[in-house]
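The structure is given below, and queries will be raised subsequently.
The values are calculated or read from the model by the stated rules, or taken from the named source; none is laboratory data. These numbers were taken from a predicted model, which means no experiment stands behind them. Neighbour counts are summed over all protein chains in view; Cβ atoms, including those assigned to glycine, are modelled from backbone coordinates with ideal geometry.
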Amino acid sequence: MRSIGELARASGLTISALRFYDRSGVLVPALVDPVTGYRWYADDQVAPARLVAGLRRVGMPLAEIAAAVRHRAEPAVVRRLLDGHLRRLEDGLADARRELSRVRALIDPEENPMTTALVLSRVDLAAAIDAVRFAVGADPELPMLSAVLFEADNDGVRLVATDRYRLAVSRVPGRVDGPGARALAPVALVDRIRALLDTDAPEALLRLDGSSVSVSVSVSDDEVSDTVLPYDSPDYGRLLRGHVAPAYRIEVDVPALRAALAGATPALVRHEGVDVPVTVLGLDDAGGLRVLDGEAPADPGAVRVGVNGRYLLDALDAGDRGQLVLELDGPIAPLAVRRPDDADAFSILMPIRL
C-alpha cells in the first residue's frame, strides 16, 4: 500500500489533486484509515493515477477523465475520448487565432486588409446553404441569430446557423487564397446568394473581407454582395466541444420516419401555461428508432427523448438523404441528425423535458 504522498510522487499529481479525485469518485483510495482518515492506495492504482495526471495536463474535462479511467482496459473507448478532446483543442486554437486576428484589425485596421477568396463548387455551396437555412433565427431581439456564419479556413468554408433551439452545420471544401476569416451574413443576403446559385455554372467565388465587413459571391458575370452584421456570432464550438460520443447511433429510413411522425399522438408538455405538442422518440426491441405515442405509459428505464416535431421534420428535409443517422443520449441531451456519408453536415436539436 502507498500513502497519498507516495502516490503523488509516483503519479505526478499533487496531494490536493488526489483528494479532489477521491471526492469526485475518479480515483478512490483502496483503504481509508477509519481513525486517522489517511488514504492508502494499492500498487495497481499508480497506472490510472498517471493516466489522470496526463489527461489533467491537457485539460480534459472531469467527466471524460472519469470515463477514461473506467474504460482504461478498453483502448478503443479511450482512444475515442482522446481523439474527441484533441479535436476540441484544435478547434479552440483555431477560434483563438481568428479572434486574435479580429482584435489586431480593431487595433490597426491596416494590419489585416486582405480579403479571403474561396473557389467553391456552386452545387456544393447551394447544398451547404440548404443544409443550414432552416435553423436561422427570426427573433427581432436577437439579430445575431438571423444570420449564417461563414467561417473560412485553409481548405474550405463552414456554414453555421442557430436559433438557440437547433443548430445546423455544413462545410464546402475549396481552393482558398488568403488568411482564415469569418463573417456573419444576414439571412436576406444568404437568400440572395442562394438564388444566384441556381445556374449551370460549375464554380462560385466567395469573398470574405479581411476586416469582417462584407461578403460577396460571384457566379459567372453575376455578383451578390452586402455588409455583414456587426455582432459576434454565438460560440457554436462550445456545444460541439462538449458533445461526447452518443449512447445510440441509429440509422433511420427518412420516408418511414416521416410516416411514423405523421401517425403518432404527440405528448403535451406544459410550457408557460400553454400545452405544447412534443414528439417523443424511443427505441424498439431491436434497438431501432420508433416514434412513441405521447399518452402511452413508459417503462421508467426506457429511452424517451422529446423534441419539437416540426424542427425534426426540418432537419430531415435539410439532411436531403433517404437514410440519415440519429444520435441519442438521453432525455436532456441534444439530439443530432447526421448524414451517413458526410461527417461535416449535421444538425443538433435541443430536447424538451417530458
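Please indicate, with yes or no, whether at least one residue in the stretch 61-82 is small (Gly, Ala, Ser), touching a Ser or Thr at 6+ places or on another chain (Cβ under 8 Å) and at pLDDT 90 or above. Steps first, answer last, please.
Going residue by residue through the stretch 61-82, those that are small (Gly, Ala, Ser) are 63, 66-68, 73, 76.
From what is left, the residues that are touching a Ser or Thr at 6+ places or on another chain (Cβ under 8 Å) are 66.
Right, trim to at pLDDT 90 or above and you get 66.
So far as the stretch 61-82 goes, yes, one or more of its residues are small (Gly, Ala, Ser), touching a Ser or Thr at 6+ places or on another chain (Cβ under 8 Å) and at pLDDT 90 or above.
In the stretch 95-122, which residues are touching a strand residue (DSSP E or B) at 6+ places or on another chain (Cβ under 9 Å), modelled with pLDDT of 70 or more and assigned to a helix (DSSP H, G or I)?
Once the filter is applied, which keeps residues that are touching a strand residue (DSSP E or B) at 6+ places or on another chain (Cβ under 9 Å), modelled with pLDDT of 70 or more and assigned to a helix (DSSP H, G or I), the stretch 95-122 yields only Arg122.
If you scan the stretch 169-183, which residues turn out to be under 19 Å from Ile129 (Cα atoms) and either loosely packed, with under 15 Cβ neighbours inside 10 Å or of a type in the set (Ser, Thr, Tyr) (or both)?
Answer for the stretch 169-183, where residues must be under 19 Å from Ile129 (Cα atoms) and either loosely packed, with under 15 Cβ neighbours inside 10 Å or of a type in the set (Ser, Thr, Tyr) (or both): Ser170, Pro173, Arg175.
Give me the residue from the stretch 27-63 that is hydroxyl-bearing (Ser, Thr, Tyr) and in a loop (DSSP other than H, G, I, E, B) and, out of that set, nearest to Glu6 (Cα to Cα). Break it down into steps so the answer makes sense when it comes.
Of the residues in the stretch 27-63, the ones hydroxyl-bearing (Ser, Thr, Tyr) are 36, 38, 41.
Narrowing the set further to residues that are in a loop (DSSP other than H, G, I, E, B) leaves 36, 38.
Details: Thr36: 17, Tyr38: 12 Å.
In this case the residue turns out to be Tyr38.
Can you confirm whether Asp198 is in contact with a helix residue (DSSP H, G or I) (Cβ under 9 Å, 6 or more places away or on another chain) and surrounded by fewer than 18 Cβ atoms within 10 Å (Cβ to Cβ)? Walk me through it before giving the result.
Values: in contact with a helix residue (DSSP H, G or I) (Cβ under 9 Å, 6 or more places away or on another chain): yes; surrounded by fewer than 18 Cβ atoms within 10 Å (Cβ to Cβ): yes.
So Asp198 passes the test.
Could you list all residues from the stretch 163-211 that are among the aromatic types (Phe, Trp, Tyr) and more than 22 Å from the chain's Cα centre (by Cα)? Steps first, answer last, please.
Quick first cut of the stretch 163-211, residues among the aromatic types (Phe, Trp, Tyr) only: 165.
Scanning the stretch 163-211 gives no hits.
Test Arg19 against the stated conditions and say whether it is among the basic types (Lys, Arg), touching a helix residue (DSSP H, G or I) at 6+ places or on another chain (Cβ under 8 Å) and either surrounded by 12 or more Cβ atoms within 10 Å (Cβ to Cβ) or part of a helix (DSSP H, G or I) (or both).
Values: among the basic types (Lys, Arg): yes; touching a helix residue (DSSP H, G or I) at 6+ places or on another chain (Cβ under 8 Å): yes; either surrounded by 12 or more Cβ atoms within 10 Å (Cβ to Cβ) or part of a helix (DSSP H, G or I) (or both): yes.
Yes; evaluated as a whole, the condition is true for this residue.
Here is a yes/no grid of residues against (1) touching a His at 6+ places or on another chain (Cβ under 8 Å); (2) closer than 24 Å to Asp329 by Cβ; (3) at pLDDT 80 or above:
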| site | (1), (2), (3) |
| --- | --- |
| Asp222 | no, no, yes |
| Ser225 | no, no, yes |
| Val228 | no, no, yes |
| Val244 | no, yes, no |
| Arg249 | no, yes, yes |
| Pro255 | no, no, yes |
| Val269 | no, yes, yes |
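Restricting attention to the stretch 124-153, which residues are free of Cβ contacts under 8 Å to residues at least 60 places away in the same chain and assigned to a helix (DSSP H, G or I)?
Asp124
Return the pairs, sorted by first residue and then second, in which the second residue is assigned to a strand (DSSP E or B) and not hydrophobic (A, V, I, L, M, F, W, C), the first residue lies in the stretch 219-233 and is farther than 19 Å from Arg192 by Cα, the beta carbons are less than 8 Å apart, and the residues are 6+ apart or on different chains.
Taking only residues 6 or more apart or on different chains, the pairs are Ser233/Arg182.
How many residues are acidic (Asp, Glu), in contact with a Gly (Cβ under 7 Å, 6 or more places away or on another chain) and over 21 Å from Gly309 (Cβ atoms) if we restrict to the stretch 119-175?
At the first step, the residues of the stretch 119-175 found to be acidic (Asp, Glu) are 124, 130, 139, 141, 151, 153, 155, 163.
With the extra rule that they be in contact with a Gly (Cβ under 7 Å, 6 or more places away or on another chain), the set shrinks to 153, 163.
Checking the rest, the ones that are also over 21 Å from Gly309 (Cβ atoms) come to 153.
So the count comes out to 1.
Quick check on my filter: what residues within the stretch 183-234 are assigned to a strand (DSSP E or B) and among the basic types (Lys, Arg)?
Of all residues in the stretch 183-234, those assigned to a strand (DSSP E or B) come to 183-186, 203-208, 214-219, 222-227.
Matches in the stretch 183-234: Arg207 only.
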